[in-house]
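Notes to accompany the following structure.
The values are calculated or read from the model by the stated rules, or taken from the named source; none is laboratory data. None of the values given here were measured: they were computed from a predicted structure. Don't worry about glycine lacking a Cβ; one is built from the backbone with ideal geometry, like all the others, and counts go over all protein chains shown. Only protein heavy atoms, including side chains, enter the accessible area calculation; ligands, DNA and RNA are left aside. Shrake-Rupley method; radii C 1.70, N 1.55, O 1.52, S 1.80 Å.
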Amino acid sequence: MKKTLHDHLSFTGEPKNILSLDGGGIRGALSLGYLKKIETILQNKHGQDYLLCDHFDLIGGTSTGSIIATALAIGMKVDDIKDLYMDLGGKIFGKKYSFWNPLQTWKFLKANYDYTVLEKSLKGAFGDITLGSDQIKTGLCIVAKRADTNSVWPLINHPQGKFFDTSLGKNKNIPLWQAVRASSAAPTYFAPQMIDVGDGQQAAFVDGGVSMANNPSMTLLMVATLRGFPFHWEMGEDKLSVVSVGTGYSVFKKQVGEIKEAWMKTWAMNVPDMLMQDASWQNQIMLQWLSNSPTAHYIDMEIETLRDDYIGGKPMIKYLRYNFPITENELNGLGLGKNYTEKDVASLIEMSNAENREELYKIGEAAAKDSVKAYHFDGQFS
């Protein structure tokens, strides 16, 4: 018997599963390759009509991850999301503003891409479903950044949330397309999203990735367990699992001279990626510190994988992390029948190269064959 939304959200002592999806622009297609493997493993255990929204009690994402998370939460299969994503990606990143069009020059100075294309695409995908709709099958958290107060907003569908339907806010009325648009309004790519957050107050939102939560796994863990949020789920290796899926990442490989001679523009181009990676790895360190993870990554020569290092002396969660280093060696090791070059790597890393979306999915699918194991989910709670 499938769980109801109330079953997913409520805490009655039963174990809970969280799914966290990173931001990363069009590279979200790579995440879908991993999610397809996870869905297949779970369907082999529970039947072909078993969906990720049946298994995970809270699904959350940032930016492109919020698009996929929301689609999963309303009950879509990964194959259907892939079809939707491939269509959306071509439209969203297909139309840049033209600097030479005098009628659009002011728009170009604010953002590279036409936000109305993104908005129309999201409305087509999610229609008039709101954050408070019973069409959402499980817990949902859309991570956005409120730029006018510089605060991260986890927009959740829990009816006991402080801002869900109270004097403090009416987030239940926010359309899903608008919440996702807010989470994916990456500065320089798209203009900010304005949302009425109650009493006629307009708030300006930008991409949730402009924070420590581009990898939202720690944010989702806090939403699920901290007293200020309404879930109040218990921590414990036998009570809470977190599955975190990335969008692929670059590996820095600079010569000292390149750094020494770097110009301001070079720094401006590199700093955002440096900070996003630092934030993601900090999430990784914290979650490995809380768990005895079979997917633990080697961090550095000092702390290594944090094996047997536990906050409080024992594992507090089950934790799985899937992500792929986008490098020549790693790509050529996937056996995709292509000789990847440094130029290919640079193209795949760029978050707005929509022409790469099918290839990114294949990369995620191939990477998942080796890294996503059926036994990883033997301890997942059903």
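Look at the dipole of the chain built from charges on Cβ: of His376, Thr247, Ala147, the Cα furthest out on the positive end belongs to Ala147. Fully extending the segment from Lys2 to Asn44 would add 13.5 nm, taking 0.36 nm per residue of separation and subtracting the current Cα-Cα distance.
When each of the peptides 305-315, 326-336 is scored by the mean number of other C-beta atoms lying within 10 Å of its residues, the order from highest to lowest reads 326-336, 305-315. Where the centroid of each part is defined by its Cα atoms, how far is the stretch 329-369 from the stretch 190-243 in Å? First find each Cα centre; the distance between them is then 30 Å. Close amide H partners of Lys137, meaning residues 5 or more places away or on another chain with modelled amide H under 5 Å apart, are Ile74, Gly75. The phi torsions of the stretch 216-231, fed into the Karplus equation with coefficients 6.51, -1.76 and 1.60 and a -60° offset, translate into couplings of x, 4, 5, 4, 5, 5, 5, 4, 6, 10, 5, 5, x, 9, x, 6 Hz, rounded to whole numbers, with Gly and Pro shown as x.
Among rounded, prolate and oblate, which fits the chain when a ≥ b ≥ c are the square roots of the eigenvalues of its C-alpha gyration tensor, a/c under 1.5 means rounded, and a/b larger than b/c means prolate? Walk me through the numbers before you get to the answer.
Working: a/c = 1.43, a/b = 1.08, b/c = 1.32.
It comes out rounded by the Cα gyration axes.
Rolling a 1.4 Å probe across the protein heavy atoms gives the stretch 3-67 an accessible surface of 25 Å² per residue. Here the chain is assigned +1 on the Cβ of each Lys and Arg and -1 on the Cβ of each Asp and Glu. Its dipole about the Cα centre then comes out at about 600 debye.
Computed 3J(HN,Hα) for the stretch 296-302, one whole-Hz value per residue from the Karplus formula 6.51 cos²θ - 1.76 cosθ + 1.60 where θ = phi - 60°, is 4, 8, 6, 8, 7, 5, 8, glycine and proline marked x.
Indicate the gyration tensor shape class of the stretch 122-174 (rounded, prolate or oblate), computed on the Cα atoms with a ≥ b ≥ c the square roots of the eigenvalues: a/c under 1.5 is rounded; otherwise a/b larger than b/c is prolate and the rest oblate. It would help to have the intermediate numbers written out before the result.
On the way: a/c = 1.86, a/b = 1.26, b/c = 1.48.
Oblate, since a/c reaches 1.5 and b/c is not below a/b.
Cross-link pairs exceeding 18 Å in C-alpha to C-alpha distance, out of Lys37/Lys369; Lys36/Lys362; Lys16/Lys239; Lys91/Lys137; Lys77/Lys120; Lys77/Lys170, comprise Lys91/Lys137; Lys77/Lys120; Lys77/Lys170.
By its C-alpha gyration tensor, with a ≥ b ≥ c as the square roots of the eigenvalues, how is the stretch 14-53 shaped: rounded for a/c under 1.5, else prolate for a/b larger than b/c, else oblate? It is oblate, given that a/c is not under 1.5 and a/b is not larger than b/c. Sorted on the mean count of surrounding Cβ atoms within 10 Å across their residues, most packed first, peptides 340-349, 125-134, 67-76, 49-58 read 67-76, 49-58, 125-134, 340-349.
Spin-label model, Tyr298/Asp87: points 7 Å from Cα along the beta carbon direction are separated by 4.4 nm.
Using a probe radius of 1.4 angstrom, the carbon and sulfur fraction of the accessible surface of the chain is 55%.
From most to least packed by mean Cβ count within 10 Å, the peptides 171-184, 17-30 give 17-30, 171-184. Taking amide H as placed 1.01 Å from N in the peptide plane, Asp207 has its amide H under 5 Å from the amide H of Ala185, Ala186, each at least 5 places away in sequence or on another chain. Scalar couplings 3J(HN,Hα) for the stretch 309-315, obtained by applying the Karplus form with A = 6.51, B = -1.76, C = 1.60 to θ = phi - 60°, are 9, 10, 5, x, x, 8, x Hz; x denotes Gly and Pro.
The label point for Thr149 and the one for Tyr310, both projected 7 Å from the Cα toward the Cβ, are 3.8 nm apart.
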